[in-house]
């Protein structure tokens, strides 16, 4: 991996365009950023090697596939041992309804974004899955009323 990769304005435009549409061909991308196709391909390969560009995915509209309820869940673990944290994080990685998990500073240990089909689905997950895990000490849930902004694009 190249830690000293210098990102110039063309690289930044490439990153911006690919974050908006990861399915662009190299020719389309080159035209949008004002570069040649071969140069774009080389730059993408360097950005991938440096770990700046990672996997390519397609985004799914959660509501249209039955997972339109977003819940922000603050969570405490029972203790802060390395083993407890590792067990909890492995458990979270295995749960498809947990979209994001952040280790936090402050009053709560973790912040989760969980998707569910409805309130009953989330209640089942909370009461019979999450709170039953031996590392979990407590949780507080907050239901999103609507989505005001959602972005996967990192400012470059």
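The values are calculated or read from the model by the stated rules, or taken from the named source; none is laboratory data. On a predicted model such as this, the values are computed, not experimentally measured, just so you know. Every residue, glycine among them, receives a Cβ derived from its backbone with ideal geometry; neighbour counts consider all protein chains shown.
Every condition in (1) surrounded by 15 or more Cβ atoms within 10 Å (Cβ to Cβ); (2) in contact with a helix residue (DSSP H, G or I) (Cβ under 9 Å, 6 or more places away or on another chain); (3) under 30 Å from residue 7 (Cβ atoms) holds for residue 36 except the one numbered (1).
Looking only at residues of region 20-50 that are closer than 18 Å to residue 8 by Cβ and touching a residue at least 40 places away in the same chain (Cβ under 8 Å), we find that the one that is farthest from the chain's Cα centre (by Cα) is 46. In the set (1) within 18 Å of the chain's Cα centre (by Cα); (2) exposed (fewer than 11 other Cβ atoms within 10 Å of the Cβ); (3) modelled with pLDDT of 95 or more; (4) within 27 Å of residue 156 (Cα to Cα), residue 53 fails one condition alone, (2). Checking 129, 98, 119 one by one, the residue that is assigned by TED's automatic domain parsing to the domain that holds residue 69 and crowded, with 17+ Cβ neighbours inside 10 Å is 98 and no other. Kindly indicate whether any position in region 115-127 is under 16 Å from the mean Cα position of the chain (by Cα) and in contact (Cβ under 8 Å) with a residue 12 or more places away in the chain. Yes, some residue in region 115-127 is under 16 Å from the mean Cα position of the chain (by Cα) and in contact (Cβ under 8 Å) with a residue 12 or more places away in the chain. Report, by residue number, each residue of region 1-21 that is at pLDDT 95 or above and assigned to a loop (DSSP other than H, G, I, E, B). Of everything in region 1-21, those that are at pLDDT 95 or above and assigned to a loop (DSSP other than H, G, I, E, B) turn out to be 7, 8, 21.
The criterion of at least 2 residues that are within 27 Å of residue 143 (Cβ to Cβ) is met by the following helices (runs of 4 or more DSSP H) wholly inside region 23-112: 82-93.
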